[in-house]
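The values are calculated or read from the model by the stated rules, or taken from the named source; none is laboratory data. Everything quoted here is computed from the prediction, not taken from an experiment. All Cβ positions, even for glycine, are placed from backbone atoms using ideal geometry, and neighbour counts span all protein chains on display.
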Amino acid sequence: MIIELRNPAANAEDHVVSREPGLPTATTPRRVLVVEDESDLARVVKRHVESLGCQVQLAATGEEALVLAREVFDLVLLDVMLPGIDGMEVCRRLRALNRYMPVLMLTARSSDIDKVMGLESGADDYLTKPFSVQELLARIKAIFRRMDALAAPRETPVRVVDVAGGLRIDAATREVSMRGRPLSLTQKEFDLLLHFADNPGRVYSRAQLLDAVWGYNHEGYEHAVNCHINRLRAKIEEDPSEPKLLMTVWGVGYKFSPEPAIAS
Ligand code: CA
């Protein structure tokens, strides 16, 4: 019994298996760079990430990481406290590259979180040490899911949201502008803004936003939401201390509350 795998409409003489551009290649293992100077931890992390079917490379210093990062990785797991160039600086330099590599920061100090997630370094996500294996793997899978969704352009509706106050969001190109001036948003900031703009007036708790935008909801990570809201406000609000678009609903969460449309 032979199972026909090819498109039945294809010419029987045609033995070339065509792959449509843009489709993820499931057979290519994802490449992950783990930057961690504690060798025991690095080895444990490597083993677990490999259990997801990923190819893992280790770097023990920031300098080494930056050399390796000349190649393309699907994810960089980056420890903040490194000898020499620290994780924040490595992340900044990765962000200055032309291509986008998701960065999951590992930090031992919760006081680092604002800096890790903030404009200074712009990581995609963070984990505070000590973390559980399940937590680490859940974060990695969430980042991969998001990257896959981004890599599937045909599933992204061509959509431009024009919000009063001059805010314009292009869901297809992921560009945001305010009165014609382009705004530079991180991936997560964009996802969060688009989620709000798609659901104007609806109130979301931090936990709901974590579910919707981050793809997971762990107790204690509501801080990441606050952090992103503050940064979004700094970019889209005229006066971030008196937001007109991204409103706080005290005791509940946040809502996107654009003013009535002004004819331009
Ligand atoms: Ca370290």
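Odds and ends about this structure:
- Within segment 90-108, the set of residues being within 18 Å of GLU63 (Cβ to Cβ) and of a type in the set (Val, Ile, Thr) comprises VAL90, VAL103.
- Criterion (modelled with pLDDT under 80 and on the phi > 0 side of the Ramachandran plot) met by exactly one of GLY165, GLY201, GLY180: GLY165
- Set VAL49, VAL45, VAL56, VAL32: member being within 21 Å of the chain's Cα centre (by Cα), within 16 Å of the ligand (Cβ to nearest atom) and at pLDDT 95 or above: VAL45
- Verdict on ARG19 being surrounded by fewer than 18 Cβ atoms within 10 Å (Cβ to Cβ), modelled with pLDDT of 90 or more and either out of contact with any Lys or Arg (no Cβ under 8 Å at 6 or more places or on another chain) or not β-branched (Val, Ile, Thr) (or both): no
- Selection of segment 66-84 for residues being more than 19 Å from GLY53 (Cα to Cα) and buried (at least 17 other Cβ atoms within 10 Å of the Cβ) yields LEU66, ALA69, LEU78, ASP79, VAL80, LEU82.
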